[in-house]
Number of protein chains: 2
Amino acid sequence: MPKCRVLVVGTGGIGAMSAYALEQGGLAEVTAVMRSNYDAVAKHGIDIDSVLWGQVSSWRPTAISKVVPDVSKADIAPFDYILVTTKNIPDVSPTVADIIAPAVTPGKTAIVLSQNGINIERPLLARFPSNPLISSVAYTGATETAPGKIYNDDPDCQKIGAFTNQQVPQDVADAAAKSYVAIYNPDGKLDVVYDADVPKVRWRKLMYNGSFNPVSSILQMDTPRMRMSKHVIDDLIAPLMGEIRAIAKAAGVEIQENAETSVLHQDPNDTAFKPSMCQDYEKGNLMEVENLVGEPLREADRFGVPAPTLRIIYGIMKGLQLKAKERKGLWKAEFSPENPYK
Amino acid sequence: MPKCRVLVVGTGGIGAMSAYALEQGGLAEVTAVMRSNYDAVAKHGIDIDSVLWGQVSSWRPTAISKVVPDVSKADIAPFDYILVTTKNIPDVSPTVADIIAPAVTPGKTAIVLSQNGINIERPLLARFPSNPLISSVAYTGATETAPGKIYNDDPDCQKIGAFTNQQVPQDVADAAAKSYVAIYNPDGKLDVVYDADVPKVRWRKLMYNGSFNPVSSILQMDTPRMRMSKHVIDDLIAPLMGEIRAIAKAAGVEIQENAETSVLHQDPNDTAFKPSMCQDYEKGNLMEVENLVGEPLREADRFGVPAPTLRIIYGIMKGLQLKAKERKGLWKAEFSPENPYK
């Protein structure tokens with residue numbers, strides 16, 4: 001049986017660890033799309049320092065590519081799966097759908113979105129209606145510390161299932177998700193599992209990502225200090241979690257009872273850990289504001305669930321995102337004596 | 001008639017301009033308390049570049065002092081007025097009352113608070129029940145650009161009146177406020193006027209200070225960009241102004257109809273002006289969070305007025321203030337493996 005062809009788009013920490021795991025399983029051959037780290041990896045391969053896999057030196061996936069391959073060309077075979085681990089910034093072009101489009105074979109390629117937040121599948125359902133769409137929610141801890149150098153401090157942990165409301169039959173999408181898990185984790189050694197309840201998995205992770213991520217960015221504060229202050233939890237994090245729970249419930253998802261307690265205990269207390277969105281903000285990067293904050297708020301409005309905290313936090317995050325867009329040349333301030341606000 | 005003795009505490013931009021104006025009027029002799037700028041002023045005097053007074057070189061008030069004079073000592077005459085232009089940070093010691101206490105002669109000295117926000121008089125009413133308390137709300141633009149160098153770009157503009165609910169008879173307090181205006185502005189050339197409706201004056205200024213100040217600090221954004229973005233006004237500034245108006249109304253103050261429009265047009269649009277609280281935050285200074293944000297919110301709660309935006313903004317500002325306190329050594333983060341949040 002020929003190996004599955006998997007394209008990994010976004011080969012940072014999570015992408016590199018997934019590429020490695022997929023090839024270790026023996027059932028997949030990975031093409032990794034690399035941009036900033038292409039030259040380093042072409043020359044030296046990837047070095048991995050992993051709590052799970054140990055020290056790995058100069059590893060190379062089957063193929064690397066500087067661009068997303070164009071499968072309309074005769075010499076490129078179609079991909080069975082595209083794993084997307086890029087950040088998801090729908091308020092900026094190109095979007096995820098734009099980026100992967102050249103590599104998608106209609107009716108064949110299953111698209112795995114290893115990204116956080118709510119409603120991330122919607123633009124892809126619209127753009128690729130004949131392709132199964134798979135959700136991966138990862139709790140893996142992995143960062144690229146330098147081009148081609150990966151530090152993996154929490155073992156691979158993913159919950160994988162098919163998104164719903166697809167135009168492809170749900171059993172086909174479910175089967176694609178199960179096959180992906182089987183390819184990724186063929187002997188069941190990894191904590192990478194099939195979970196059919198994708199909405200529940202995604203809303204559950206949002207309890208952290210929709211609360212600690214934006215608040216830490218706004219305060220530029222690590223999560224132990226947020227807990228030490230107590231008021232940051234009481235005034236901001238707890239209300240946000242309460243609102244997210246209520247919105248999820250209105251959307252038909254009952255989040256586990258102990259989720260708030262788990263979220264408050266999930267980070268270490270003895271190191272000044274800052275969530276990824278805060279790290280992005282401090283680096284001047286664009287942030288995943290829409291899928292972590294904007295979409296939950298829009299769901300709240302759709303269901304008529306009060307979300308006063310989320311609403312203000314979203315307003316602030318859009319302001320911070322505007323600054324990031326300006327730094328990236330995606331927005332320009334135009335000063336004039338006229339008041340620009342009507 | 002001997003001149004009035006005025007002690008000016010906090011001789012930065014506004015304090016220096018007030019000291020100068022008071023002595024120019026010919027009816028006051030000023031003792032200026034100086035800390036960081038004492039040596040510079042002792043040596044060279046104060047240089048003023050003023051839109052109102054022109055270029056003033058090496059000006060010296062009647063006296064300067066490194067400390068607040070102790071009037072219990074036999075050789076120090078009592079003060080008729082103490083003008084306080086320091087920042088007001090009641091969440092940190094020493095408070096304004098602590099700072100001025102040595103210079104207050106009970107039953108005699110009138111205390112003029114040239115500071116922003118709501119309920120700033122309360123700790124002083126409690127501490128100095130026999131002293132008239134006077135409110136000054138200043139729209140003067142003045143900054144100390146270097147020790148003893150003052151840049152005054154907006155002409156002196158103050159609304160002055162007595163606080164209410166004093167234990168001294170209100171007519172005595174009102175008379176003290178009118179006398180202060182008469183001493184400050186003896187020939188009526190300055191826009192420094194008596195206004196009996198202190199609550200209205202203070203709430204009106206809060207429309208700006210309770211909205212643009214905290215939001216600009218949180219976003220670290222100048223006010224023209226906030227207006228350019230439009231959403232920062234619609235999502236944050238406008239709701240805050242609406243809540244402040246409603247709280248004021250519940251407190252018996254009808255803010256002028258056009259206040260929102262005025263506030264949105266009060267800053268220049270062609271320079272990247274950041275409000276003072278934002279400048280303080282970016283310098284790592286403590287901020288006037290309690291009187292500009294916390295007290296209005298507590299008034300909202302007292303009157304049962306919904307203030308969801310102010311509540312979240314206050315939660316965030318307390319978090320930013322905690323960082324400033326940590327930088328100043330007023331709070332210490334204690335890291336341990338234990339979760340500090342119960």
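Remarks
- A count restricted to segment A:20-39 and to residues that are in contact (Cβ under 8 Å) with a residue 60 or more places away in the chain, surrounded by 17 or more Cβ atoms within 10 Å (Cβ to Cβ) and small (Gly, Ala, Ser) stands at 3.
- Test result for residue A:117, over 30 Å from residue A:297 (Cβ atoms) and not in a strand (DSSP E or B): no
- Any hit, segment B:114-121, residues being under 19 Å from residue B:172 (Cβ atoms) and within 19 Å of the chain's Cα centre (by Cα): yes
- Condition met for residue B:260 (of a type in the set (Asp, Glu) and within 22 Å of the chain's Cα centre (by Cα)): yes
- The set of residues in segment A:303-328 that are under 24 Å from the mean Cα position of the chain (by Cα) and not aliphatic (A, V, I, L, M) comprises A:309, A:311, A:314, A:315, A:318, A:319, A:321, A:323, A:325, A:326, A:327, A:328.
- A single member of A:274, A:325, A:318, A:332 is farther than 20 Å from residue B:224 by Cα and either in contact with a strand residue (DSSP E or B) (Cβ under 6 Å, 6 or more places away or on another chain) or basic (Lys, Arg) (or both), and it is A:274.
- Test: residue in segment B:246-257 that is touching a residue at least 12 places away in the same chain (Cβ under 8 Å), surrounded by 21 or more Cβ atoms within 10 Å (Cβ to Cβ), out of contact with any strand residue (DSSP E or B) (no Cβ under 8 Å at 6 or more places or on another chain) and more than 18 Å from residue A:236 (Cβ to Cβ): yes
- Just one of (1) touching a helix residue (DSSP H, G or I) at 6+ places or on another chain (Cβ under 7 Å); (2) more than 14 Å from chain B (Cβ to nearest Cβ) fails for residue A:186. It is (1).
- Residue match in segment B:46-62 (condition: farther than 24 Å from residue B:185 by Cα and among the hydrophobic types (A, V, I, L, M, F, W, C)): no
- Any hit, segment A:81-98, residues being surrounded by fewer than 13 Cβ atoms within 10 Å (Cβ to Cβ) and in a strand (DSSP E or B): no
- Tally of residues being at pLDDT below 95, of a type in the set (Asp, Glu) and loosely packed, with under 14 Cβ neighbours inside 10 Å across segment B:265-289: 1
- Complete set of residues in segment B:313-342 that are in a loop (DSSP other than H, G, I, E, B), of a type in the set (Phe, Trp, Tyr) and at the interface with chain A (Cβ under 8 Å from one of its Cβ atoms): B:335, B:341
- Checking every residue in segment B:89-97 against the condition of being under 20 Å from residue B:208 (Cα atoms) and not hydrophobic (A, V, I, L, M, F, W, C) gives zero matches.
- Filter result for residue A:201 (more than 15 Å from the chain's Cα centre (by Cα) and closer than 22 Å to residue A:265 by Cβ): no
- Against the numbered list (1) closer than 17 Å to residue A:205 by Cβ; (2) of a type outside the set (S, T, N, Q); (3) without any contact (Cβ under 8 Å) to a residue 40 or more places away in the chain; (4) in contact with a helix residue (DSSP H, G or I) (Cβ under 8 Å, 6 or more places away or on another chain), residue A:265 comes up short only at (4).
- The residue pairs whose first member lies in segment B:187-205 and is farther than 21 Å from residue B:118 by Cβ, whose second member is acidic (Asp, Glu), and whose beta carbons are closer than 7 Å, counting only pairs six or more residues apart or on different chains, are B:190/B:156; B:191/B:156; B:192/B:156.
- Restricting B:240, B:292, B:310, B:236 to those that are buried (at least 21 other Cβ atoms within 10 Å of the Cβ) and over 17 Å from residue B:202 (Cβ atoms) reduces the list to B:236.
- In segment B:147-174, the residue that is surrounded by the fewest Cβ atoms within 10 Å (Cβ to Cβ) out of those that are aliphatic (A, V, I, L, M) and touching a residue at least 40 places away in the same chain (Cβ under 8 Å) is B:172.
- In segment A:1-14, residue surrounded by the most Cβ atoms within 10 Å (Cβ to Cβ) [restricted to those that are closer than 19 Å to residue A:150 by Cα and at pLDDT below 95]: A:11
- Screening the candidates A:150, A:160 for the property of being aliphatic (A, V, I, L, M), touching a Ser or Thr at 6+ places or on another chain (Cβ under 6 Å) and within 20 Å of residue A:15 (Cβ to Cβ) yields one hit, A:160.
- Where residue B:132 falls short, out of the listed (1) under 18 Å from residue B:4 (Cβ atoms); (2) touching a Ser or Thr at 6+ places or on another chain (Cβ under 8 Å): (2)
The values are calculated or read from the model by the stated rules, or taken from the named source; none is laboratory data. This one's a predicted model, so the numbers in the text were calculated from it and none came from an experiment. In this analysis, Cβ positions are derived from the backbone assuming ideal geometry, glycine residues included, and neighbour counts consider all displayed protein chains.
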